[in-house]
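Here the structure is laid out as structure tokens; the discussion comes afterwards.
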Amino acid sequence: MIDSLSPTKPTPKQPQAEEKLTAKVTSFELKKNDKYYAWLFLGPSILLLTVFVFFPMIRTFYLSLFLTDTFGNPTVFVGLKNYTTLLKSASYMASLKATGTYVIGVSVFTIVFGLLLAAMANQKLRGIGFFRTVFTATMGVSVSVSAVFWLFMFNPSIGILNQVIKSFGAKPIMWLTTPSWAMVAVIATTVWMHLGFTFLLFFGALQSVPKSLYDAADVAGASPRYQFWHITLPMISPTMFFVAVITLISGFKSFGLIDLMTAGGPTNATNLLVYRVYKDAFMNGNYAQASTEAIILAIIIAIITFIQFKLLAKRVNY
Amino acid sequence: MGIELKGITKTYDQHEKPVLSEVNAEIQDGELFVIVGPSGCGKSTLLRMIAGIIPISDGVLKINGQVMNGVSPKDRNLSMVFQSYALYPFLNVADNVAFGLKARKMAPAEITKRVDDALAMVNLTEYRDRKPRELSGGQRQRVALARAIASDSKICLMDEPLSNLDAQLRVRMRSEIRELQRKLGLTLIYVTHDQTEAMTMADHVMVLHDQHVQQIDSPLGIYNHPANHFVAQFFGTPQINLLSARTAGQGAADELIVDAALHVHLDEALNAGTYTVGIRPNQMDLVPVMDNGGNATVINVEALGDQTIIEAMLDNDVEVRIVKTGQVSVDLQQRIEVSALGPAFVFGADEALIAEQRGMQDDRLAVTN
């Protein structure tokens, strides 16, 4: 390059510079010794991931192409027949629908209530610090404890919910034994459990909106409602996106709560996809079908997350 | 008409002393009124009370003759520029300027026209589609100005609008804001902690300190007749020299003595006693002397090219600052004789101004007449 720029002046330093350059390049290449170190450091995580993630994943996909015996060993290769059977099955479609209802219900109500609580706690009121603590409290409650706790509340005869309903003279509700109410009950419990963390995220987001933005809007003549829609929401939209993603994914993965509260019942009304995988594999002993369901679930989550990022990333403001 | 402040007081807690006490002022239509003071003096609080962002604890605020206490900010018909600019990061420049207009549900055609005009006025037309984060500090500042212009209100409040800019840009924006204010005929209330901004921009200056108004006057009025110690020290760089002095002789006298060489002659006699005499650094003179003569020792010399600032320690352990125009060669530790040229202020025991000795504006008048 330099030669072509000044052809009349051959520079004696040129070869030296080139030598230096090649020397630099080789120094970036790994020496034989370095390769050992690389594998040494990567080793543990590769080992763990292989045993607990890669192998089960591949094994699951492998099993989904076979029929299996009661011990989960593959017997007859059937190709994609497991998939076609499953997608034609009415009960699987029902599960899919139930999961959709559950996941959307949980996400929407978690966001709405989380934001509502955060907006309330963000007001400067006397004793608001107490409520800020209380609102985050569900973070400290485990799934099993909250499930049992809500089981008591949903209890048709001694549960507090029915006591209240009865005191108004209305007919008590069979919460967990009526299909549609059972779905309401599990959604309510899940939302309640998510609320603490969601509240905390939204509260943090609200607190980080600069006060001067609202002052400026006050002077400019924007009503509080206008300010909420045109300042608060856009400012916290990144948090909202994050909350939407995590509640949606955790909704798809919800297992413990279903197991403890309804065990997929009544009449499979709350038999969500994850719970179905568990039931088919470990209770019905149909490992091939369970594997197929697991793969489909993974694909669904992957697609939805992808769409979410594509769609919402455009509308998240900065 | 303009804006009238009567006994404005702000108290956050009943049991604590007010953060702002008994502020009285009249701000004329179309003037640039600067509120200046050190941080924590309550100047931003005062501005926010005028804007209506925080309530007034006591006193009356009138805008164009109407009492504005308790009127919501949007009905006060004013605009405000914030120190942080308060731009909406998710809106582009044009939408930021249009924000208030849209909130007030103005006709879209009118909004477009106002936004275009305002952006043209601050030379940001080609940046209209940028987001605030893609702008420099100065450009963000202009967006905030454009927003105030677009609101078309005749009163504009600015809260330290230049303090986030670098020194050069600050000087430029200073004159731009002043020009804009004149062109639009704005009544501009401008809060700053920078005495240079107050001196260079204002029609009138209010000096706030210790929760109280210290003085309200034109910039030169304040420089030439500072009401007390604080005001005298706050305006002028380098700082004014405040020296303890006693009257000459036994009874009332027309001469104040700081030390053997440093005397101030007064027009009228003062009662016997000790006073504080204020002399601006450029009204001090110095003569180098041999060996151990004189009344002071040079401890620091700052040569700025067009002027030289000399700090010296008087023999009674008081530091004085002397400014000489041009370049003066003085050595450190050099013995000098410091004297006063003439103009000086005399402050009483309560730090208030009690006498002036040939104020500086008198000199100017003498020349121009």
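Filter segment B:57-81 for residues that are among the hydroxyl-bearing types (Ser, Thr, Tyr) and over 23 Å from the mean Cα position of the chain (by Cα) and give the result. B:Ser57, B:Ser72, listed by residue number.
Just one of the numbered conditions (1) assigned to a strand (DSSP E or B); (2) without any contact (Cβ under 8 Å) to a residue 40 or more places away in the chain is not true of B:Lys6: (2). The residues of segment B:50-103 that are part of a loop (DSSP other than H, G, I, E, B), within 10 Å of another protein chain (Cβ to nearest Cβ) and of a type in the set (S, T, N, Q), listed by number, are B:Ser72, B:Asn77, B:Gln83, B:Ser84.
Per this entry, B:Ser39 is counted among residues that are away from chain A (no Cβ under 14 Å), out of contact with any Ser or Thr (no Cβ under 9 Å at 6 or more places or on another chain) and under 22 Å from B:Thr196 (Cα atoms). May I ask you to verify whether A:Thr138 is in the same structural domain as A:Asn271 (by TED's automatic domain parsing), more than 26 Å from the chain's Cα centre (by Cα) and in contact (Cβ under 8 Å) with a residue 40 or more places away in the chain? No: the conditions fail for A:Thr138. Selection of first residues in segment A:86-111 that are touching a residue at least 24 places away in the same chain (Cβ under 8 Å) and of second residues that are aromatic (Phe, Trp, Tyr), restricted to Cβ pairs under 8 Å at least 6 apart or on distinct chains, gives the following pairs, ordered by first then second residue: A:Leu86/A:Tyr92; A:Thr99/A:Phe252; A:Val103/A:Phe252. Considering segment A:157-168, and only residues there that are surrounded by fewer than 17 Cβ atoms within 10 Å (Cβ to Cβ) and modelled with pLDDT of 80 or more, the residue that is nearest to the chain's Cα centre (by Cα) turns out to be A:Ile160. Taking the residues in segment B:12-56 that are over 21 Å from the mean Cα position of the chain (by Cα) and modelled with pLDDT under 90 as candidates, determine which candidate is surrounded by the most Cβ atoms within 10 Å (Cβ to Cβ). Ranking the qualifying residues of segment B:12-56, first place goes to B:Pro18. Just so you know, in segment A:219-231 the residues that are under 17 Å from A:Asn122 (Cα atoms) and crowded, with 17+ Cβ neighbours inside 10 Å include one that is nearest to the other protein chains (Cβ to nearest Cβ), and it is A:Ile231. Of the residues A:Gly256, A:Gly285, the single one that is surrounded by fewer than 17 Cβ atoms within 10 Å (Cβ to Cβ) and either under 20 Å from the mean Cα position of the chain (by Cα) or hydrophobic (A, V, I, L, M, F, W, C) (or both) is A:Gly256. Of A:Ile231, A:Ile246, A:Ile258, A:Ile295, all but one fail to be touching a residue at least 24 places away in the same chain (Cβ under 8 Å) and more than 20 Å from A:Leu87 (Cα to Cα); the exception is A:Ile258.
For segment B:104-123, filtered to residues that are within 32 Å of the chain's Cα centre (by Cα) and surrounded by fewer than 16 Cβ atoms within 10 Å (Cβ to Cβ), the residue that is farthest from the other protein chains (Cβ to nearest Cβ) is B:Asn123. Only one of the numbered conditions (1) touching a residue at least 60 places away in the same chain (Cβ under 8 Å); (2) under 26 Å from B:Gln141 (Cα atoms); (3) within 14 Å of chain A (Cβ to nearest Cβ) is not met by B:Leu32, and that is (3).
Residues are listed down the side, and each one gets a yes or a no for (1) at the interface with chain B (Cβ under 9 Å from one of its Cβ atoms); (2) in a helix (DSSP H, G or I); (3) touching a helix residue (DSSP H, G or I) at 6+ places or on another chain (Cβ under 7 Å):
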| residue | (1), (2), (3) |
| --- | --- |
| A:Ala217 | yes, yes, yes |
| A:Leu233 | no, yes, no |
| A:Val243 | no, yes, yes |
| A:Ser250 | no, yes, no |
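Scanning segment A:188-196 for any residue that is surrounded by 15 or more Cβ atoms within 10 Å (Cβ to Cβ), assigned to a helix (DSSP H, G or I) and touching a Lys or Arg at 6+ places or on another chain (Cβ under 9 Å) turns up nothing.
Could you tell me which residue of segment A:129-149 is farthest from A:Gln207 (Cα to Cα), considering only residues that are surrounded by 12 or more Cβ atoms within 10 Å (Cβ to Cβ) and polar (S, T, N, Q)? Taking the candidates together, the pick is A:Ser144.
The single condition among (1) closer than 30 Å to B:His209 by Cβ; (2) away from chain A (no Cβ under 13 Å) that B:Glu126 does not meet is (1). Residue check: A:Leu257 meets all listed conditions (1) within 11 Å of chain B (Cβ to nearest Cβ); (2) out of contact with any strand residue (DSSP E or B) (no Cβ under 8 Å at 6 or more places or on another chain) but one, namely (1).
B:Gln214 falls short on exactly one of the conditions (1) buried (at least 20 other Cβ atoms within 10 Å of the Cβ); (2) under 24 Å from B:Ser79 (Cα atoms); (3) in contact with a strand residue (DSSP E or B) (Cβ under 6 Å, 6 or more places away or on another chain), and that condition is (2). Among the residues of segment A:132-187, those that are of a type in the set (A, V, I, L, M) and not in a helix (DSSP H, G or I) comprise A:Val141, A:Ile158, A:Ala170, A:Ile173, A:Met174, A:Leu176. Here the condition is being crowded, with 19+ Cβ neighbours inside 10 Å, under 19 Å from the mean Cα position of the chain (by Cα) and either of a type in the set (Phe, Trp, Tyr) or more than 21 Å from A:Ser142 (Cβ to Cβ) (or both); of A:Phe154, A:Phe202, it holds for A:Phe202 alone.
Residues that are of a type in the set (A, V, I, L, M) and touching a residue at least 40 places away in the same chain (Cβ under 8 Å) were ranked within segment A:261-273; the one that is surrounded by the most Cβ atoms within 10 Å (Cβ to Cβ) is A:Leu272.
The values are calculated or read from the model by the stated rules, or taken from the named source; none is laboratory data. Bear in mind the structure is a predicted one, so any value in this text is a computation, not a measurement. Note that each Cβ is placed from the backbone with ideal geometry, even for glycine, and that neighbours are counted across all protein chains shown.
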